[in-house]
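Participant: Pasting a structure below so you can have a look.
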Amino acid sequence: MTSIRWAFNAKAWKPTQSEWLLMSQCIEPEEKTRIGQFYFQRDAKSSMVGRCMLRKVISDELGVAWNSFNLTRTEKGKPVLKGLAANNALSFNVAHQGDYVVLAAEPEVNCAIDVMEVRRPGSRSLPDYFDLMKRKFNPYEWSTIKSAGTEQQQLEMYFRHWCLKESYIKTIGLGLGFDLARLDFHVKSQRLEVGETVSDTELYVDGMLVSPKWIFQETRLSENYYVAVGLERIRQNLTEKVKEVPFKVLTLQELLASAQPLTPPDLDYWLAFDAKDEMPNARKS
């Protein structure tokens, strides 16, 4: 097994009937139902791609048929394997926001991933927005964010910190009840170029440094998208370096190369999807 980093541009994908029907056949029935409940195509596409990514990485890395294992969720919603295929050392996680769906998978290391789009905070000024969010970060983090330079650079640093925090709480399997201000990230690399990955950020939890057990890999996926992968070393030697793996942007053909149906085709499922708007305020012509 190897370290995997995948991305897929879901915004650029305009599903055909045959593509949507095939993908809906190749995921679990309960997930198909859940995805069908989204109001907008944008959300349905991202969730569908994410579920197919998970089945692909399990099939590829464990050498099992796409339709031969049981992929479910924990109470917190994190995807997990059940049954015989669960007896392995592969950790995996998926996330999506805006244009991108991303996946990380690791052998011998517990991992989770998050992606953030750098975007302006609506009609609020940046100082007002930061004041609204002040309880989510501690004084050291705010100092790093606000000293990053221009407002755009401050926004980039803000979303990098948010992405790092999400990657940590997803790795440990906690959700909204966790106080994000307990996490104190010390970002060393002030600027990232598109495609660059760094792993020099340190984390303090309740004032205690948790490195080298914890490693955080940050990647600038595109101009306005940052990804953070949280890695908790549970089996690996703590002195061993965790490889920085570049993201591979998958094509639809690559994503579905080993896909095998779990359920029969459902034309009504396509018709319901096709009737939806892509996103809010985006009416069909």
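Participant: Need pairs with beta-carbon distance below 7 Å; first residue among the acidic types (Asp, Glu) and in a loop (DSSP other than H, G, I, E, B) and within the range 270-285, second open to solvent by 60 Å² or more (accessible area, probe 1.4 Å) and at pLDDT 95 or above; sequence gap 6+ or separate chains.
Facilitator: Pairs found: Glu278/Arg42.
Participant: Now for a different question. Among the candidates Ser258, Ser189, single out the residue that is open to solvent by less than 30 Å² (accessible area, probe 1.4 Å) and of a type in the set (Ser, Thr, Tyr). Working first, answer last.
Facilitator: Working: Ser258 fails: open to solvent by less than 30 Å² (accessible area, probe 1.4 Å).
Checking each option against the conditions leaves just Ser189.
Participant: Scan the range 109-140 for residues that are closer than 27 Å to Gly195 by Cβ and either open to solvent by 70 Å² or more (accessible area, probe 1.4 Å) or in contact with a strand residue (DSSP E or B) (Cβ under 6 Å, 6 or more places away or on another chain) (or both) and jot them down.
Facilitator: Val109, Asn110, Cys111, Ala112, Ile113, Asp114, Val115, Met116, Glu117, Arg119, Arg120, listed by residue number.
Participant: For the range 267-285, what are the residues that are at pLDDT below 95 and either within 30 Å of Gln217 (Cβ to Cβ) or open to solvent by 50 Å² or more (accessible area, probe 1.4 Å) (or both)?
Facilitator: Matches in the range 267-285: Met279, Pro280, Asn281, Arg283, Lys284, Ser285.
Participant: Of all residues in the range 223-237 being over 22 Å from the mean Cα position of the chain (by Cα) and of a type in the set (S, T, N, Q), which is farthest from Asn93 (Cα to Cα)?
Facilitator: Kept after step one, since they are over 22 Å from the mean Cα position of the chain (by Cα), are these residues of the range 223-237: 235-237.
If we keep only those that are of a type in the set (S, T, N, Q) as well, we get 236-237.
On the way: Gln236: 19, Asn237: 22 Å.
Across the range 223-237, the extreme among qualifying residues is Asn237.
Participant: Tell me, please, whether a residue that is hydroxyl-bearing (Ser, Thr, Tyr) and at pLDDT 95 or above can be found in the range 94-112. It would help to see each step written out before you state the result.
Facilitator: Of all residues in the range 94-112, those hydroxyl-bearing (Ser, Thr, Tyr) come to 100.
If we keep only those that are at pLDDT 95 or above as well, we get 100.
Checked the range 94-112: at least one residue is hydroxyl-bearing (Ser, Thr, Tyr) and at pLDDT 95 or above.
Participant: Restricting to the range 150-169, what's the tally of residues that are open to solvent by less than 50 Å² (accessible area, probe 1.4 Å) and farther than 18 Å from Asn138 by Cβ?
Facilitator: From the range 150-169, those open to solvent by less than 50 Å² (accessible area, probe 1.4 Å) are 154-169; that's our starting set.
After this cut, where a residue has to be farther than 18 Å from Asn138 by Cβ as well, the list is 155-156.
Going through the range 150-169 one residue at a time, the tally reaches 2.
Participant: Considering only residues that are at pLDDT 95 or above and in a loop (DSSP other than H, G, I, E, B), look in the range 229-255 and name the one that is most open to solvent (accessible area, probe 1.4 Å).
Facilitator: Among them, the one singled out is Thr251.
Participant: Testing Asp200 on (1) touching a residue at least 24 places away in the same chain (Cβ under 8 Å); (2) touching a Ser or Thr at 6+ places or on another chain (Cβ under 8 Å), one condition comes back false. Which one is that?
Facilitator: Exception for Asp200: condition (1).
The values are calculated or read from the model by the stated rules, or taken from the named source; none is laboratory data. Because the structure is predicted, anything quoted here is derived from the model rather than measured. For neighbour counting, all protein chains shown are included, and Cβ atoms are generated from backbone atoms with ideal geometry for every residue, glycine included. For the accessible areas, the whole protein counts, side chains as well, though only heavy atoms, and no ligand, DNA or RNA atoms are used. Shrake-Rupley method; radii C 1.70, N 1.55, O 1.52, S 1.80 Å.
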